[in-house]
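Below is one structure, written out as structure tokens; the observations come after it.
The values are calculated or read from the model by the stated rules, or taken from the named source; none is laboratory data. Computed from a predicted model, the values in this text were never measured in an experiment. In this analysis, Cβ positions are derived from the backbone assuming ideal geometry, glycine residues included, and neighbour counts consider all displayed protein chains.
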Amino acid sequence: MTDKKVLFSQLFLRLAISVTMLSAVADRFGFWGENSAWGNWENFEKYTKQLTFFLPESLGTVSAYVATFLEIIIPLMLILGFKTKIAAYGAGFLLLIFALSMTIALGVKAPLDYSVWVGSAGAFLLASQEKYSFSLDDRS
């Protein structure tokens, strides 16, 4: 692969992970209308509690807020290319936690249908890069 192809592939991966995460946030606030998985915050909280059944109920609620916060901050960091390696690791671990929780609570099919494992793997691949072009991290 030429260097230019690598640069654009890396940018595409950053944007794909970011847009996917932000889309999930938009869904829980009802922005997707009829095409939503949750459609509102209450349904998202119920879903989060289902995934975190092993935690006390209050921590299930806190998990919904923490996940949403991270699913906003991490994609914004990736889009801007700010602390990209840290953001990519954050996305990788967050998606890995989602994938494991979904697998335990819902079975193996759910995280496969939503490509959560692929998103996590892509984030870890992004974290392995040495340089991030088209980013605030690239000061050259």
### Task
Answer yes or no as to whether Gly60 is surrounded by 15 or more Cβ atoms within 10 Å (Cβ to Cβ), modelled with pLDDT under 95 and out of contact with any Pro (no Cβ under 9 Å at 6 or more places or on another chain).
yes
#### Entry: Any chance Phe69 is of a type outside the set (A, V, I, L, M) and outside any helix (DSSP H, G or I)
no
### Query
Quick one: is Glu42 surrounded by fewer than 19 Cβ atoms within 10 Å (Cβ to Cβ), more than 21 Å from Leu11 (Cβ to Cβ), charged (D, E, K, R) and at pLDDT 95 or above?
yes
### Query
Can you tell me which of Leu100, Leu94, Leu112, Leu106 is in contact with an Asp or Glu (Cβ under 8 Å, 6 or more places away or on another chain), surrounded by 14 or more Cβ atoms within 10 Å (Cβ to Cβ) and at pLDDT 95 or above?
Leu94
### Message
Just the residues that are surrounded by 17 or more Cβ atoms within 10 Å (Cβ to Cβ) and without any contact (Cβ under 8 Å) to a residue 24 or more places away in the chain, please, taken from segment 65-89.
### Response
Met77, Ala87
### Task
Give the residues of segment 29-60 that are more than 14 Å from Phe98 (Cα to Cα), in contact with a Lys or Arg (Cβ under 7 Å, 6 or more places away or on another chain) and assigned to a helix (DSSP H, G or I), sorted by residue number.
Trp41, Glu57
### Message
Taking the conditions exactly as written (under 18 Å from Ala16 (Cβ atoms), out of contact with any helix residue (DSSP H, G or I) (no Cβ under 8 Å at 6 or more places or on another chain) and part of a helix (DSSP H, G or I)), does Val118 satisfy them or not?
### Response
yes
